[in-house]
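Nothing in this text is a laboratory measurement; each read-out follows from the coordinates by a stated rule. Note that the structure is predicted; figures quoted are calculated from it, not measured. Using ideal geometry, Cβ is built from the backbone for each residue, glycine included, and neighbour counts are taken over all protein chains shown.
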Amino acid sequence: MYVESVAELPVSKGASIPLRPADLRTLRYEPKLWEWPTVGRDAECDRIVAGLEQIMTLSIAENFNVPVDLNAFPVYAMIIPYPVDLSLIKARLENRFYRRIAALQYDIRRIEHNARIFNDSRSAIVEYARVVTELCLQYIRYVVCHWTALSLG
């Protein structure tokens, strides 16, 4: 922040000056045009939420819809430093948490990554995590993608 006059300086050591609305606007993050497809951030978040809701209805996704039950798997919190699930990603999309598509894709990839770390790499749950992750990433990648166009193959 730039101080325009001596009158704006703090009156004592360690004090602060009020933040003006113009200063606040310069600090606020606004997504760049290239960060989200041409439909814009809000429309794209809404489209992805709709796709996630459909993916979450699949039986292979049920283990990834909500956080891992720490009562059933108490060591999960000690092994997995960044737990993530589809309901968290969906809530973050609804609240416009993600500034960039890359951050959303990172969270989705963590689902498979976490499953691979916590489970045997040849287990069914790791394969389900791979399929769910790829399905979500496909949906995000193809802006014109609609649920009926997705395939599990």
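Quick look at the numbers
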quantity	calculated
Sorted by Cβ density within 10 Å, fewest first, the residues Glu44, Glu53, Glu30	Glu30, Glu53, Glu44
Positive-end residue, the chain charge dipole about Cα centroid, Cβ charges, pick of Asn95, Pro83, Val39	Val39
Largest-first principal axis extents, alpha carbons of segment 33-149, Å	42, 27, 19
Label-zone membership for segment 37-71, site Ile117, 7 angstrom Cα→C-beta point, backbone N under 15 Å	68
Gyration tensor (Cα) of segment 1-99, equivalent ellipsoid semi-axes in angstrom	42, 23, 9
Simple Cβ-charge dipole of the chain, Lys/Arg +1 and Asp/Glu -1, about Cα centre, in debye nearest 20	360 debye
Local electrostatic count at Arg96 - Lys and Arg +1, Asp and Glu -1, tallied over other residues with Cβ under 11 Å	-1
Computed over the chain: relative contact order in percent, which uses C-alpha pairs under 8 Å that are six or more apart	22 percent
Ascending count of other beta-carbon atoms within 10 Å, so fewest first, for Cys136, Cys45	Cys45, Cys136
Value at 222 nm in deg cm²/dmol, rounded to 500, when DSSP H runs of n ≥ 4 in the chain each add -39,500 (n - 2.57)	-14500 deg cm²/dmol
Exposed-site-free run, longest, the chain (rule: trypsin sites (Lys or Arg not before Pro); DSSP loop; at most 14 other C-beta within 10 Å)	33-95
